[in-house]
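In what follows, a structure is listed as structure tokens, so that the remarks can point back to it.
The values are calculated or read from the model by the stated rules, or taken from the named source; none is laboratory data. In this text, all values refer to a predicted model and were calculated from it rather than measured experimentally. Neighbour counts run over all protein chains shown; Cβ positions are idealised from the backbone, glycine included. The accessibility values were calculated without ligands, DNA or RNA, using every heavy atom of the protein model including side chains. Shrake-Rupley method; radii C 1.70, N 1.55, O 1.52, S 1.80 Å.
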Amino acid sequence: MGRAGLSPRSQAATFYASRVRARRTLLAAALVALAGCGSSAAKPHAIGTADAYLAIVTWELGGLGPIGTDASLPIVYIASEDGKTIDAGAQATVVKATVDEAKVRFTDVRDDATDTKVADAPVKDGGVLLIVEKIDGTKSSSLEVPIIVYRSKTDQQHTTLTLVSTDNGARVISASAQPSG
């Protein structure tokens, strides 16, 4: 007989049972911790201003198709609908992220993007002007943004884009044409 009147076999069984309980406790704690990590990672983040503008530019570029090897990069002007300056940090982020895909230019004055000396006032350099309503993307993981895709006075599309947050920013999931006016 060993310790406390237990046989060696009983002592081994007790030792084994306590180790199994300890492992089960550790496993349960690990699962709870992983579940906690998974649920916080699954929560969508709020769409930031730069992410929203980048998603809008990416959406527009997607409609243009692939760029030919001899073709110059498409030109995309962006202006806010209210004429106010778009955050400089957001501008820098968008320009940097699209440098290999387009020449993105932000403007406070729409006329800076159009050739006002021509009757139809087309966008300069064969580009497109995206006139975007104010983006308040700091509170939501989805966002509806009305825009005007302007190519000339007679070629404008009023569209509402629906954006959702993604792991690395935001993307446009739908575009709904709106009556102009």
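A few remarks follow.
- Taking the Cα centre of region 55-167 as reference, the dipole from Cβ charges on Lys and Arg (+1) and Asp and Glu (-1) amounts to some 120 debye.
- Accessible-area value, residue 174, 1.4 Å probe, nucleic acids and ligands omitted, Å²: 50 Å²
- For residue 134, nonlocal amide neighbours, meaning residues 5 or more places apart or on other chains whose placed amide H falls under 5 Å from its own, are 81, 82.
- For residue 144, the solvent-accessible surface computed with a 1.4 Å probe is close to 130 Å², ligands and nucleic acids excluded.
- Cα gyration tensor, region 113-169 - rounded (a/c under 1.5), prolate or oblate: prolate
- By the rule of a C-alpha distance below 18 Å, with chain neighbours fewer than 8 residues away ignored, the lysines paired with residue 139 are 43.
- Solvent-accessible area of residue 154, all protein chains in place: 120 Å² (probe radius 1.4 Å, heavy atoms, ligands and nucleic acids excluded).
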